[in-house]
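The values are calculated or read from the model by the stated rules, or taken from the named source; none is laboratory data. Everything quoted here is computed from the prediction, not taken from an experiment. Note that each Cβ is placed from the backbone with ideal geometry, even for glycine, and that neighbours are counted across all protein chains shown.
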Amino acid sequence: MTEPAPVPPPGCPAHGDAAPLYGPRFQTDPAQVFQELRERFGPVAPVEVGGGVPAWLVLGYRELQLVTGQPAVFGRDSSRWNAWPSIPADWPLTPMVAPLPSVLYTEGEEHRRRAGAISDALAEVDPYEVRKHCEELADRLVDGFTGRGESDLVAEYADRLPLLVLCRLFGFGEDRAPGMISAILDLLDGGPAALDGQQRMVDDMVRLVASKHEAPGADVTSRMLAHPAGLTDEELMRDLTVLMLAGHQPTANWISNALRLMLTDDRFASALSGGRRSVGQALNEVLWEDTPTQVFAGRWTTRDTQLGGRRIAAGDMVLLGLAAANQDPAVRQASGRAAEGNNAHLSFSHGEHRCPFPAQEIAEVISVTAIEVLLDRLPDIRLAVSEQALVWRPSAWMRSLVALPAAFTPGAAAG
C-alpha cells in the first residue's frame, strides 16, 4: 500500500514538480533517483525532504563547487531560511538544519577562528597513535564475536570502532561510547527520536568539557580549551558535538560500505585472502559510488540568484548532493566508474567548510586499520545473507546499512 505524500507545513510552499528525498525507492537506490533527477531537471533539482518541505538539490559537480566556493551568496547560517516560520517545533529533521551556535553554521572570520582551533587540535593527533588505538580496539571487538562464527559487522564493529577511537582522542571514557552510538544514529535517521538523540549528545559534551577544566590531558578537547582562539565552554561543547558527529558516522559508514563491497564484488576477492592493495581500492571506490554522506544540509542563499538554470530565492535551502555530484557524467570515466587512484570526489565536500585534512587522515587510518584487522582475524569471512537481503538505513543524508550479517569459522580470542 502506497502512503500518501506528506503535506507541506502551512505557509511553506512546495515546488510544483518536486521529487521526494525519502521513501522506499530513494532508500534502496538513491543513485538511480539522482540520475533520473539529473535527466529531468539538469544540475539543480527541486526536491522535498521529510514532511514535504521544499529545497534545492545540487546534482552537478561544478555547480556544487560553485555553491561551496561562494559563501557570500550561499551561506552556512541557516537562520536565514525563509521556511522557518512554517516549520513545526517537532520537525524530525530540525537537528540537521537548526542554526545552533556551532562552527558548522558560522561564517567569515568567526568560522575561521573556530575552524582554526579544530584543525590545529586535530593536526597534533599522531596517525601512528591512531593506528595503535584502532588495532587494539578492533582486536577487542573481534574477540567479542569471533567464537560465535557470525556477526553483524555494522552493530558489532563498524558502528563501534570509530567512536571508541574518537572517545580516546577526545578524552572521553569508553563507557560513554554505547550511549553515544545510539544518540548519533537516532539523530541522523531523522525520525521521532532525532531531537532526543541530539540532546543526549549535548549533555555528554557538557560533562566532557567540565571534566577537562578539572583535569586536562593529551587530548583534542584539552588542546581546544588551551587554543589561542579562546573558545568559550559553549563554543567548545558545540564544536565537539559537530566533530563527534562528523568523525564517527561517516567513518563507520565508510568501513561498512567498503566491507559490503569487498564481500559482494569478485574484484576484491584477493583482499579477503590476505591482499592489501584492494583495501585502499575499496575505500576509494566507496567514496565515489556509495559515499557515506550522500546529501549534506546545506546552504541558505543570501539573495536571489541563479544556479544551474534555476532561480533560487533569497533564504531558500540548498542541499549539497555529494553522491550525485560524484556521479556527474562530466567527471566520470567512459566506463562509468571512477579511475583507480582518482581522489577528485566531493565526498569530503569543498570550500572553506569542507572536512579538514587532519580529520580526513584520521578517518582513513581508522577505516584502513579496521578492515585490515578484520581480514587478518577472520580470513574466511563471507556474507551470511544474499546481497539483495541487505537493507539501507532510511536517511536522506547518510548512505549506510542497517546491518551487515557475516559468517566465518569460529575462532579463539586474541589473548
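Before moving on, here are some points about what is shown:
- Search result, residues across the stretch 356-376 that are over 22 Å from the mean Cα position of the chain (by Cα) and modelled with pLDDT under 95: 375, 376
- The single condition from (1) of a type in the set (Gly, Ala, Ser); (2) under 22 Å from residue 322 (Cβ atoms); (3) outside any helix (DSSP H, G or I) that residue 217 fails is (2).
- Failed item in (1) touching a residue at least 24 places away in the same chain (Cβ under 8 Å); (2) over 22 Å from residue 217 (Cα atoms); (3) out of contact with any strand residue (DSSP E or B) (no Cβ under 6 Å at 6 or more places or on another chain); (4) not β-branched (Val, Ile, Thr), with residue 89 passing the rest: (1)
- Count of the stretch 39-52 residues which are surrounded by 20 or more Cβ atoms within 10 Å (Cβ to Cβ) and not in a loop (DSSP other than H, G, I, E, B): 6
- Positions within the stretch 377-401 being more than 15 Å from the chain's Cα centre (by Cα) and either surrounded by 21 or more Cβ atoms within 10 Å (Cβ to Cβ) or within 14 Å of residue 260 (Cα to Cα) (or both), in sequence order: 378, 381, 382, 383, 384, 385, 386, 387, 388, 389, 390, 391
- Restricting 362, 312 to residues that are buried (at least 20 other Cβ atoms within 10 Å of the Cβ), touching a Pro at 6+ places or on another chain (Cβ under 8 Å) and not polar (S, T, N, Q) narrows the list to 362.
The rows are residues; the columns are (1) at pLDDT 90 or above; (2) in contact with a strand residue (DSSP E or B) (Cβ under 6 Å, 6 or more places away or on another chain); (3) part of a helix (DSSP H, G or I).
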{"site": "142", "(1), (2), (3)": "yes, no, yes"}
{"site": "151", "(1), (2), (3)": "yes, yes, no"}
{"site": "169", "(1), (2), (3)": "yes, no, yes"}
{"site": "180", "(1), (2), (3)": "no, no, yes"}
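- Scanning the stretch 134-167 for residues that are of a type in the set (D, E, K, R) and surrounded by fewer than 20 Cβ atoms within 10 Å (Cβ to Cβ) gives 135, 136, 139, 140, 143, 148, 150, 152, 156.
- Residue 306 vs. criteria without any contact (Cβ under 8 Å) to a residue 24 or more places away in the chain, more than 30 Å from residue 132 (Cα to Cα), assigned to a helix (DSSP H, G or I) and out of contact with any helix residue (DSSP H, G or I) (no Cβ under 6 Å at 6 or more places or on another chain): no
- Top-ranked residue in the stretch 28-38 [being surrounded by fewer than 18 Cβ atoms within 10 Å (Cβ to Cβ) and in contact (Cβ under 8 Å) with a residue 60 or more places away in the chain; ranked as farthest from residue 293 (Cα to Cα)]: 35
- Looking only at the stretch 76-97, residues that are in contact with an Asp or Glu (Cβ under 6 Å, 6 or more places away or on another chain) and buried (at least 20 other Cβ atoms within 10 Å of the Cβ) come to 1 in all.
- Unmet criterion (only one of (1) out of contact with any helix residue (DSSP H, G or I) (no Cβ under 7 Å at 6 or more places or on another chain); (2) of a type outside the set (S, T, N, Q); (3) in a helix (DSSP H, G or I)) for residue 191: (3)
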